[in-house]
Amino acid sequence: MAGSEGPNASSPTQQPSKKYDTTIFLSGPTQSDLQRNAELEKFLIDSRLYESTDEAAKRVEVLGRIDRIVKDWVKQLTSQRGYTDQMVEDANAVIFTFGSYCLGVHGPGADIDTLCVGPSYVNREEDFFIILHDMLAEMEEVTELQPVPDAHVPVMKFKLRGISIDLLYASISLLVVPEDLDISHESVLFDVDEQTVRSLNGCRVADQILKLVPNVEHFRTTLRCLKFWAKRRGVYSNVTGFLGGVNWAILVARICQLYPNAIPSMLVSRFFRVYTQWRWPNPVTLCSIEENELGFPTWDPRKNPRDRFHHMPIITPAYPCMNSSYNVSISTLRVMTEQFHHGNRICEEIELNKTQWSALFEPYLFFEAYKNYLQVDIVAADSDDLLAWKGWVESRFRQLTLKIERDTNGMLQCHPYPKEYVDTSKPCPHCAFFMGLQRKEGVRGQEGQQFDIRGTVDEFRQEINMYMFWKPGMDIYVCHVRRKQLPPFVFPDGYKRPRPLRHASQQDERNDEDAGGSGSGSAERHIKRKIDPKTEDVGPIKQVKQTAISPSRTGSVSPSNNAGRSGGTPDISFSNGNRLECWATGDADKNSDVRLPVRQLKSEKDSMGDMRVVEDVMHESITRNECTSMLVSEFPRVRNEVKP
């Protein structure tokens, strides 16, 4: 099995296979850096970020089992299709790993990203997603089997002996796949479609990253640390519009290139120092972007208009070079930038011995950060249906952020939170996601101004209803809640805890937000003292009479106990900013006769004109010069660092 050794595949002394041109800082660690590094590594161990020897051995066994399954599957298909006995004997499929396991930064309970490479006559649509799926479904050791054939990168998710597996498939232009296939060689891309290229690129990118960093072990420790930080601060989720594993890996690898002699404690600090100054949308690259005679499109704003609209380009190092962070929106980039500044302030305090590493990893208090939230409740008839339905809704959740940005001309900022919450008191399987809402910072709203996003939510609802595997009982409810109305299941102990004393740097963040007009945290009290109540961001909520969706909705169960939430569309309006609807979608919605008015500001409607592609609306303000500047990787140069 190729790639099963994943974390041990590369040596720390491995040299880059490609050249990169950049400003290099060659300073090494001081005695204080060594001390802080020891403290950081101890913190990571105490936080149980490393798996046990037994779990590591179990992962190897599971990968070996998957390898045997796919080999038997290909041989079975070869025999059924009338190939010769020799062909059946030679028939083969190979398993590769990528992602955190391949990079050597996975932790306890993490899933394993795997790729099955098969011969040209075994296809993805029928052979992989139907025949192999059915084989897996019959195995008692396989649970939570979930095919996602319509994903950007088609994947089959399941658990094998309790280990979570994400399995991709790539059919290459060979009749027999050799066991020692070199997936990093560009010949594997010959005569394959773009979905196959995307499936192959996970392994190819991971392989290149490990070759392009000067010290693999320092890279791994730093990446493990920053992934943990990103999860604690709520910015680790590619599907929600933040960054996923490969994005963080490339960002960290770039810092390792800039500081080749730095140890992990230094690299963590430099990570925040660099990316608080980074001039997005200038791209982060690990090597030059190369063309190839195979002709696959690569990231190039000069040739591809859509590439000009990417907010935070993080370019993969393997051909064809792509932007791995195309999901990032204006709102999520704003959130990540704030978190980079927060991390930088903490690291500065650590270097001054004013605080400990634990302060860097304090969880983000999302439910204290905003005064208004969208609550998206997802329900289904049973847990299996909920798993599939939730995956679909979560994959579209990013679109709701983009649509709100579009329909409010960026004046209403969104913060989707990449964590799901479960209300165990509900009579049906349930989970919920939340999105923080606030007026654009630094912009004072006019008295009486309203943002009406009912039509936006309705458009989102219609897209959700396009789910081709919809079943009775699958419903989604979207509702506005104020901070004081948040349901108790979002708090760890089932109740709202008292507001804790904040760390000094967190208080600085709140003070900055006060100056910018944010409606979060302590800024709320500040605003109430200095702003007339009539022009406050959010006023009282007025519930109006419930309207029934349709008679067939009467049997559905609402995920909330609030009046007017069950199967209805009560109008929820709040002054000087937003008007929202509580929507319920499902089978009944498709035949509903209810038509609710959508009021938009005349100026907003006139400025939007005809409905356009989301990216065109979101980025129309980018000038031609700005698009051109994206080609230049402008690193904010600090020739001689002031701090070690």
Legend entry - Heavy atoms of residue 211: accessible area, 1.4 Å probe, square angstrom to 10: 50 Å²
Inset, instruction - Find which of 262, 327, 297 sits farthest along the positive direction of the dipole of segment 217-361, computed with +1 on the beta-carbon of Lys and Arg, -1 on that of Asp and Glu, about the Cα centre. - result: 327
Legend entry - Cα-centred dipole magnitude for segment 53-207, charges only on beta-carbon of K, R (+1) and D, E (-1), debye, nearest 20: 220 debye
Inset, instruction - For segment 217-361, state the average projected area of the convex hull of the C-alpha atoms over all orientations, rounded to one decimal in nm². - result: 9.0 nm²
Legend entry - Cα-Cα over 23 Å, subset of 426/484; 58/211; 403/426; 58/159: 58/211; 403/426
Inset, instruction - Give the carbon-plus-sulfur fraction of the accessible surface of segment 217-361 in %, rounded to a whole number; probe 1.4 Å, heavy atoms of protein chains only. - result: 49 percent
Legend entry - Span from the segment 215-269 Cα centroid across to the segment 321-349 one, whole angstrom: 12 Å
Inset, instruction - Report the label-to-label distance for residue 46 and residue 137 in nanometres (one decimal), using points 7 Å from each Cα along the Cα→Cβ vector. - result: 4.9 nm
Inset, instruction - With the full set of protein chains in place, find how many percent of the accessible area of segment 53-207 is carbon and sulfur; take the probe as 1.4 Å. - result: 51 percent
Legend entry - Solvent exposure, largest accessible area first (probe 1.4 Å, DNA, RNA and ligands not counted), of 34, 374: 34, 374
Inset, instruction - Determine, from the Cβ-Cβ distance of residue 150 and residue 190 and an R0 of 41 Å, the FRET efficiency 1/(1 + (r/R0)^6), rounded to the nearest 0.05. - result: 0.95
Legend entry - Rotationally averaged projected area of segment 53-207 (alpha carbon convex hull; nm²): 9.0 nm²
Legend entry - Carbon and sulfur %, accessible surface of segment 383-466 computed with the full protein complex present, 1.4 Å: 43 percent
Legend entry - Residues whose placed amide H lies under 5 Å from that of residue 452, excluding near-sequence neighbours: 579, 601
Legend entry - 1.4 Å probe accessible area per residue over segment 217-361, in Å²: 30 Å²
Inset, instruction - Work out how much length residue 125 to residue 38 would gain on full extension: take 0.36 nm times their residue separation and subtract the Cα-Cα distance, in nm to one decimal. - result: 26.3 nm
Inset, instruction - State which entries of 42/227; 71/231; 303/419; 157/227 exceed 26 angstrom in Cα-Cα distance in the structure shown. - result: 71/231; 303/419
Legend entry - For segment 53-207, accessible area per residue (1.4 Å probe, heavy atoms of protein chains only), Å²: 42 Å²
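The values are calculated or read from the model by the stated rules, or taken from the named source; none is laboratory data. Small disclaimer: the values here were computed from a predicted structure and weren't measured. No Cβ is skipped: glycine too gets one built from the backbone with ideal geometry, and neighbour counts run over all protein chains shown. Heavy atoms of the whole protein, side chains included, go into the accessibility calculation; ligands, DNA and RNA do not. Shrake-Rupley method; radii C 1.70, N 1.55, O 1.52, S 1.80 Å.
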